[in-house]
Amino acid sequence: MIAIAGYFGRGNFGDDWLYQAFLHELRLDLWNTEGLIFGPESAVIPCWRAWVSPFREKPDQTVFLGGLFQDLTSRRSPFYYAAAAAWAKKRTKDRVIFSGAGLGPWRSGISREALIWIMRDFAQDQTIFYLRDRYSSALLDELGLGHLGALRPDPSWGVPIPQAIGAGTADRPGFGLALNGSLKSDELIEDLVRLLRVGPRQEFFTLFLSHPAKDQWQALEIMRRLGRPLKTVLYLGDIDRFLNSLTACNAIMSLRLHPVIAAAKRGIPVASFEPRPSGRGVLNKIRTLIMPDSYGINWLSGWSEALDWVHAEATLYL
């Protein structure tokens, strides 16, 4: 039995897609060489908010999915998952691993110490962190825990994407902007408004809210400052439908990691950029993302480069 833990099922496209992709890997038996075996008699148990009941059965392995040890989206997150990992360590028969893992950023030194504290129990283990970006790998090295990590592309790189409806047709949406409501800098909002003024027509841009509960305020504030409404696509739990809308765009600027992966897999021009000084470094996990050899993204050093990139892409569809 494999117990799986993470933020999936909470209205966040990235976490839900990662969960779907990991199950896809299990079905293909891609984890057998790592000792994580999913056979006909195995069971997968999602453990969100249910640690006690499932773990009475003592799973053979426990897998944590996603960028859990960070406090950008929630200051409670690293402490919750540190406690969950400690509990899983005691209750799991074989091993605990972290797949599609990302570490940081940390706004508080206490969050960093929470990870160090819990990793003491894993200090003698084999690799347990399969990290999806070099930034996270460097952080693990800084903590003196580099021996616990290995770089591996996020599982979502391996899951098929449905053919986008309208892809390759004249009525294809122009430009997608995937927001990230965890980034609350006023400078970022102003820069995004400037980007959105580049479009040749009002309907040229579409906002994508991967996590509506977090992103909606950002979309509303952008439209308020822009002085006009914009087409907006919300993730409402249907992964394929959201992917269809996202990958029907001609180009995408994304402040979230999984829309970057989706666009790159579809071969759509995709970019992200370094926010101005008050937000510098918060998107390092996109900048240093591990990708299969045939894929790539445009990393832009600041909003002015982002403006030039959007303008260049927009002129292709005038």
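The values are calculated or read from the model by the stated rules, or taken from the named source; none is laboratory data. Quick caveat: nothing in here was measured; it's all calculated off a predicted structure. Here the Cβ positions follow ideal geometry from the backbone for every residue, glycine too, while neighbour counts run over all protein chains shown.
Here are the numbers for the structure shown:
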read-out: Residue pairs meeting the criteria (Cβ under 6 Å; at least 6 apart or on separate chains; first among the acidic types (Asp, Glu), in segment 221-249; second surrounded by 14 or more Cβ atoms within 10 Å (Cβ to Cβ) and part of a helix (DSSP H, G or I)); value: 221/189
read-out: Top-ranked residue of segment 234-263 - restricted to ones that are closer than 20 Å to residue 67 by Cβ and part of a loop (DSSP other than H, G, I, E, B), ranked as nearest to the chain's Cα centre (by Cα); value: 256
read-out: Residues satisfying the stated conditions in segment 62-100, i.e. out of contact with any strand residue (DSSP E or B) (no Cβ under 9 Å at 6 or more places or on another chain), farther than 15 Å from residue 285 by Cβ and in contact (Cβ under 8 Å) with a residue 40 or more places away in the chain; value: none
read-out: Conditions (1) assigned to a loop (DSSP other than H, G, I, E, B); (2) farther than 22 Å from residue 163 by Cα; number of the one not met by residue 295; value: (2)
read-out: Residues (under 26 Å from residue 3 (Cβ atoms) and over 14 Å from the mean Cα position of the chain (by Cα)) located in segment 99-111; value: 111
read-out: Any hit, segment 260-273, residues being of a type in the set (Ser, Thr, Tyr) and at pLDDT below 85; value: no
read-out: Count - residues of segment 112-137 that are in a helix (DSSP H, G or I), over 24 Å from residue 2 (Cβ atoms) and modelled with pLDDT of 80 or more; value: 3
